[in-house]
Amino acid sequence: MDTKELYEVLRQHPFLEGFKPPHIQKMAEMAHEVRFARDQIVFREGDECGIFYLILEGKVALEASGPGRILRISTLGAGDELGWSSLLAEDGKHFQARTLEPVRALAFDSTRLRQTCEQDHGFGYLLMRALLRVVSQRLQATRIQLLDLYAPRGVKLI
Amino acid sequence: MDSSHSCGRLPAAVELSGLAQLLECLQRRGYQIIGPTVREGAIVLDVIEKLDELPAGWTDRQEPGRYRLERRDDGALFGFAPGPHSWKQFLYPPEATLCELARDGASFKVLATGELPPRRAFLGVRACDLAAIRIQDRVLVEDRFVDAVYQERRRGVFIVAVNCTQASGTCFCVSMGAGPRVEGSFDLALTELPGPGGHLFLIEPGSQAGREVLSEIDRREAQPEEVAQASMALEKAAQQECGLETADLRRMLFGNLGHPEWDLVAARCLSCGNCTMVCPTCFCTTVEDSSDVAGARAQRRRKWDSCFTESFSYIHGGSVRLSVKSRYRQWLTHKLAAWVDQFGTFGCVGCGRCITWCPAGIDITAEVAAIRGG
Amino acid sequence: MSAPAVALLTPAPARVAAVEKETHDTFTLTLEPADGQPLAGFAPGQFSMLYVYGVGELPISISGDPNEAGRLLYTVRSVGRATHSLVSLRPGEVVGVRGPFGRPWPLENARGKDLLIVAGGIGLAPLRPAIYEILRRRDDYVRLIVLYGARSPKDLLFRKQLAAWGRLPDSQVLATVDYGGTSWRGHVGVVTALFRHLRLHPGETVALICGPEIMMRIVARQLEARGLPDSEIYLSMERNMKCAVGSCGHCQLGPYFVCKDGPVFSYQQLRPWVVHHEL
């Protein structure tokens, strides 16, 4: 996709809601399209993956593995972002990301994104705000999952 | 205040002997008479066979958490306020068999139960208790589901109501619009006028059955001054220390479900459930299932229950109302707010029993005032 | 002269025709008439009081097809002594049935509209009769959307039916789990996360929700945030019940008796009461 097509795709992506044209343009200049096949690992636990993704098509699962089992704790799809933690430049990934279906996404180099935020605080504010919105939704959802609402509650049989 | 008969005549007046005749007349007609009698330091309701079983010359002193009997010097038969018993236990018994079942091969069949109550006459129903019976009629017989146990006991009851001539320290029927004058459906209504010349009872019929019974006892027409004396006695009964402001009460209570007073009263409430047992309108029940050891016969028994128990609202491994606060709030808001949504009236008649019999002396009128006070 | 039996409070015998295992802890009982006594019909969302001889009674939602006369299905999750005794019944044994009771799902209000069905855990059971009824009168409704959340893939109920419903025209079925294993390739996450996969028409949608109370409140609030009026969002509530006819007092929720004013309520009715803790 050329920058003009990238611009169009980004303009419609939910993550960029509220971004003005100059900011979308900046994103378009930093984006490049990537594709993953089914069952491909996007990043592993512990990876210092410096890429931020906006998913356009397909499904990605976040997984954690322990002795004898792998647990899927979340699935993400079109309209979601993947790898927000890379924007904060902290420890490596806590979870592994694996595609469940073929995935098409836009990838951004996190270092470049951070530098752009430093140089253009207006852009930086909008990016951080979008990130805050996403993280807050995830936190809400995680809290609800933690409640384990569907667990059986009753008098235990002796 | 005019206590004259509906068709404009003066009421009848009977003497003590006439009252004795009333009892005999009811017994001849096959009624088992339930009336007040002194037992174990309280005036309770029990089977009455003779006039001298009534608590002549007794009165009571009631305050929050306190009840004791005292002698009075005029020998009045009905000179007291409601005791721990209400007529509820005879119309809506504390225990009743819902059904009996027996194993029938792989299946079971329902057996007809033999419990049939005797025909009863209630002697001495106060205005508050009459209002309570009317409220229970609305709940148990006039709503979608007709309670057969209540209905068959209620149908045959002969009610001899009694106008109060004094209020106790916990009465507030005036606030609740439920007294002191008896209103509604009764068969006979008495007002006692103890006097130096001897006992006199003004008596008016409220039904055809009442008229028939009245026609069989010795009576004369009351004198106007006797009627005036009865009016004054009712006015005296209307002077009540306790009061509950009912204006906008439902909205006020439902709008204050988070009021700090709930925490304060919860610190005192023992959730013993006394209030629900003595309350003449409380109707919550539970069902207990049992079977004999061999499993040949099984029974379903309905028993009085109280919203104050922890298991009352048990579901999915826990109770919805775990705290005493939530249970006290449930009781009070049901009685004075939710009841309005459910049945169109308040559930409280101001009899004062819950105040008298609360071991912590909690006063429902004071609680409402505290919440209203802001 | 004997006193009349209190008919509505007396269980009528019904024979267990089958006990089908749905998941590791959830079973569906099929009841058929016993002793020639026909079983009463029901409307979707109603419940019966099931009586185990000499042991006790439980309110259980009817989970079968209301159009299949002569049978009643109940999907029961075994979580304690009482439910365990129900799921341990064997074909041929007889239980007592009272009912049906309660206000059903308001399907007639949804004529000409989309139906959004959101179920959590065992909550799909009281909604299944509504789905059967919708499919039977399919032309009365526009789209059928079913969102279903469960704890894990092995806790999903009626999987084959869900898949079949999803394949019907103008229907969308999305299932999600709180956590999954490698063999689950579907959604993982809360059921509200599935909303983004829908194109909702807020003025033209009726939502029917059933599941744990916390889940129902969250779903109702999020649907409201997406423009559905609270009068078009319905929840099925649960409380302790002894009589099921509004006379024992146990099931009260604010001014309502859940057994007769519910169990189905609109969010508009419930909102002032469910915001209070321990009401």
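Annotation: C:ALA69 fulfils all but one of (1) over 19 Å from the mean Cα position of the chain (by Cα); (2) small (Gly, Ala, Ser); (3) assigned to a loop (DSSP other than H, G, I, E, B); the unmet one is (1).
So for region A:98-116 (the condition being aromatic (Phe, Trp, Tyr), closer than 22 Å to A:GLN40 by Cα and out of contact with any Gly (no Cβ under 6 Å at 6 or more places or on another chain)), does at least one residue qualify?
Keep residues of region A:98-116 that are aromatic (Phe, Trp, Tyr), which gives A:108.
Subset that is closer than 22 Å to A:GLN40 by Cα: A:108.
Next cut, out of contact with any Gly (no Cβ under 6 Å at 6 or more places or on another chain) only: A:108.
Yes, there is a match, as at least one residue in region A:98-116 is aromatic (Phe, Trp, Tyr), closer than 22 Å to A:GLN40 by Cα and out of contact with any Gly (no Cβ under 6 Å at 6 or more places or on another chain).
Selection of region A:120-142 for residues being over 13 Å from A:SER74 (Cβ atoms) and basic (Lys, Arg) yields A:ARG129, A:ARG133.
Residue check: is C:VAL264 more than 10 Å from chain B (Cβ to nearest Cβ), closer than 22 Å to B:VAL340 by Cα and either outside any helix (DSSP H, G or I) or touching a residue at least 60 places away in the same chain (Cβ under 8 Å) (or both)? Yes, satisfied. Considering region A:58-115 alone, what residues qualify as being away from chain C (no Cβ under 14 Å), of a type in the set (S, T, N, Q) and within 11 Å of the chain's Cα centre (by Cα)? Across region A:58-115, the qualifying residues are A:SER85, A:SER86.
Restricted to region B:300-345, and to residues that are over 27 Å from B:ASP248 (Cα atoms) and assigned to a helix (DSSP H, G or I), which residue is nearest to the chain's Cα centre (by Cα)? So, considering only residues that are over 27 Å from B:ASP248 (Cα atoms) and assigned to a helix (DSSP H, G or I), the one nearest to the chain's Cα centre (by Cα) is B:PHE312. Which members of region C:264-279 meet the condition of being crowded, with 24+ Cβ neighbours inside 10 Å and either out of contact with any Pro (no Cβ under 8 Å at 6 or more places or on another chain) or among the hydroxyl-bearing types (Ser, Thr, Tyr) (or both)? Selection gives C:TYR267 alone.
Scanning region B:212-248 for residues that are under 22 Å from B:GLU24 (Cβ atoms) and within 21 Å of the chain's Cα centre (by Cα) yields a count of 0.
Cβ separations smaller than 8 Å between residues 6+ apart or across chains give the following pairs from region C:69-87 residues that are on the phi > 0 side of the Ramachandran plot to residues that are among the acidic types (Asp, Glu) and surrounded by fewer than 20 Cβ atoms within 10 Å (Cβ to Cβ): C:GLY70/C:GLU32.
The conditions of being touching a residue at least 40 places away in the same chain (Cβ under 8 Å), outside the structural domain of B:SER107 (by TED's automatic domain parsing), on the phi > 0 side of the Ramachandran plot and surrounded by 22 or more Cβ atoms within 10 Å (Cβ to Cβ) are met by B:GLY350. Checking every residue in region C:72-87 against the condition of being within 11 Å of another protein chain (Cβ to nearest Cβ), in contact with a helix residue (DSSP H, G or I) (Cβ under 9 Å, 6 or more places away or on another chain) and within 23 Å of C:GLY262 (Cα to Cα) gives at least one match. Among residues of region C:154-182 that are at positive phi and more than 11 Å from chain A (Cβ to nearest Cβ), those with a beta-carbon under 8 Å from a residue that is crowded, with 19+ Cβ neighbours inside 10 Å and not in a loop (DSSP other than H, G, I, E, B) at least six positions away or on a different chain give the pairs C:PHE158/C:LEU124; C:PHE158/C:ARG128; C:ASP170/C:LEU144.
Got a sec? Which of B:SER306, B:SER319 is at pLDDT 95 or above, surrounded by fewer than 22 Cβ atoms within 10 Å (Cβ to Cβ) and more than 8 Å from chain C (Cβ to nearest Cβ)? Lay out the reasoning, then the answer.
Numbers: B:SER319 fails: at pLDDT 95 or above.
Answer to the check: B:SER306.
A single entry from A:GLY46, A:GLY50, A:GLY79 fulfils the requirement of being on the phi > 0 side of the Ramachandran plot and either at pLDDT 95 or above or in contact with a strand residue (DSSP E or B) (Cβ under 8 Å, 6 or more places away or on another chain) (or both): A:GLY79. In the set (1) more than 8 Å from chain B (Cβ to nearest Cβ); (2) not in a helix (DSSP H, G or I), the condition left unmet by C:GLU278 is number (1).
Among the conditions (1) within 14 Å of chain C (Cβ to nearest Cβ); (2) surrounded by fewer than 17 Cβ atoms within 10 Å (Cβ to Cβ), B:ASP74 misses just one, which is (1). The set of residues in region B:118-168 being within 13 Å of chain C (Cβ to nearest Cβ), touching a residue at least 60 places away in the same chain (Cβ under 8 Å), in a loop (DSSP other than H, G, I, E, B) and more than 17 Å from B:ILE48 (Cβ to Cβ) consists of B:ASP143 alone.
Residue-level analysis places B:ARG68 among those that are outside any loop (DSSP other than H, G, I, E, B) and basic (Lys, Arg).
Of all residues in region B:72-100, those that are outside any strand (DSSP E or B), closer than 25 Å to B:GLN32 by Cβ and not small (Gly, Ala, Ser) total 14. Going through (1) out of contact with any Ser or Thr (no Cβ under 6 Å at 6 or more places or on another chain); (2) at pLDDT below 95 one by one, C:MET237 falls short only on (2).
With respect to (1) part of a strand (DSSP E or B); (2) at pLDDT 90 or above; (3) not aromatic (Phe, Trp, Tyr), the lone exception for A:LYS4 is condition (1). Sort through B:LEU91, B:LEU140, B:LEU98 and tell me the only one that's in the same structural domain as B:ARG211 (by TED's automatic domain parsing) and touching a strand residue (DSSP E or B) at 6+ places or on another chain (Cβ under 7 Å). Testing whether each residue is in the same structural domain as B:ARG211 (by TED's automatic domain parsing) and touching a strand residue (DSSP E or B) at 6+ places or on another chain (Cβ under 7 Å) leaves just B:LEU98. Of all residues in region C:193-249, those being outside any loop (DSSP other than H, G, I, E, B) and over 19 Å from the mean Cα position of the chain (by Cα) number 16.
Are there any pairs, at least 6 apart or on different chains, whose C-beta atoms fall under 7 Å, with the first in region C:188-206 and at positive phi and the second surrounded by 14 or more Cβ atoms within 10 Å (Cβ to Cβ) and of a type in the set (Gly, Ala, Ser), and if so, which? Close Cβ pairs satisfying both conditions: C:GLY189/A:SER74; C:GLY189/A:ALA141. Note on region B:272-299: residues that are surrounded by fewer than 17 Cβ atoms within 10 Å (Cβ to Cβ) and either away from every other protein chain (no Cβ under 14 Å) or within 26 Å of the chain's Cα centre (by Cα) (or both) total 2. Scanning region B:232-280 for residues that are in contact with a helix residue (DSSP H, G or I) (Cβ under 7 Å, 6 or more places away or on another chain), part of a helix (DSSP H, G or I) and farther than 20 Å from B:ARG66 by Cβ yields a count of 9. Reported count of residues in region C:23-42, each being touching a Lys or Arg at 6+ places or on another chain (Cβ under 9 Å) and touching a residue at least 24 places away in the same chain (Cβ under 8 Å), is 12. From the list A:VAL135, A:VAL103, the one residue that fits, being at pLDDT 95 or above, hydrophobic (A, V, I, L, M, F, W, C) and more than 18 Å from A:TYR7 (Cα to Cα), is A:VAL103.
The values are calculated or read from the model by the stated rules, or taken from the named source; none is laboratory data. All values reported here derive from a predicted model rather than from experimental measurement. Glycine also receives a Cβ, built like all others from the backbone with ideal geometry; neighbour counts cover every protein chain displayed.
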